[in-house]
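Scroll down for the structure; my scribbles are underneath it.
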Amino acid sequence: MTTDSRNVADSAAEYLGGRVQEAENPVHGRLEVLAESSAVDVFVSELTGEEISFRLAIDPDLGFFTFSSGVWNREEISQLSRACDSSSVRGELALRSIEFKTRTGLTVLYVLPSIRLRTSKT
């Protein structure tokens, strides 16, 4: 996660078990939160192409964050699109590692995002 606010970065790092550092490529914010947690409960409020806009469920007042990826699971995004009418939808944003070996023996690691709906809305 990236932000320009030190308070937001420190709070997000505390909630997610992580640390704050200066972003190497500050396109979306000069501070980067490196979280130890691979999943977080969120309120999804908007889907635009490859981006999901969300608030952290543990502290929605921290503001909105955006997660962008070109490798979303189309079924998950379709379910989320149907659920995101005019209100925020509770979900779990997670990252999972997929590792495999190529025919030449090279090990490749992908980190794929996943967004799963929770049953409660707010």
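In the chain, helical runs assigned H by DSSP with n ≥ 4 each contribute -39500 (n - 2.57); averaged across all residues and rounded to the nearest 500, the mean residue ellipticity at 222 nm is -5000 deg cm²/dmol.
Accessible surface of Thr2, taken over heavy atoms with a 1.4 Å probe and every protein chain present, rounds to 50 Å².
With contacts taken as Cα pairs under 8 Å and at least 6 residues apart, region 1-117 reaches a relative contact order of 20 percent.
Excluding ligands, DNA and RNA, the accessible surface per residue across the chain is 65 Å² with a 1.4 Å probe.
Taking a Cβ cut-off of under 14 Å around Ser68, the surrounding Lys, Arg, Asp and Glu residues balance to a net charge of -3, with basic ones at +1 and acidic ones at -1.
Surface composition of the chain: carbon and sulfur make up 46 percent of the accessible area, probe 1.4 Å. If you run the Gaussian network model on the chain, springs between alpha carbon atoms under 10 Å, then out of Arg55, Arg82, Arg96 the most flexible one is Arg82. Restriction of the GluC sites (Glu not before Pro) in region 48-90 to DSSP coil positions whose beta-carbon has at most 15 other beta-carbons within 10 angstrom yields Glu50. Binning the alpha carbon pair distances of region 3-122 at 5 angstrom intervals from zero yields the distribution 2, 10, 19, 22, 19, 14, 8, 4, 2, 1, expressed in whole percent.
The values are calculated or read from the model by the stated rules, or taken from the named source; none is laboratory data. Predicted model only: the values in this text are computed from it and were never measured. Cβ sites come from the backbone with ideal geometry, for glycine too, and all protein chains shown count toward neighbours. The area values use the complete protein model at the heavy-atom level, side chains included, leaving out ligands, DNA and RNA. Shrake-Rupley method; radii C 1.70, N 1.55, O 1.52, S 1.80 Å.
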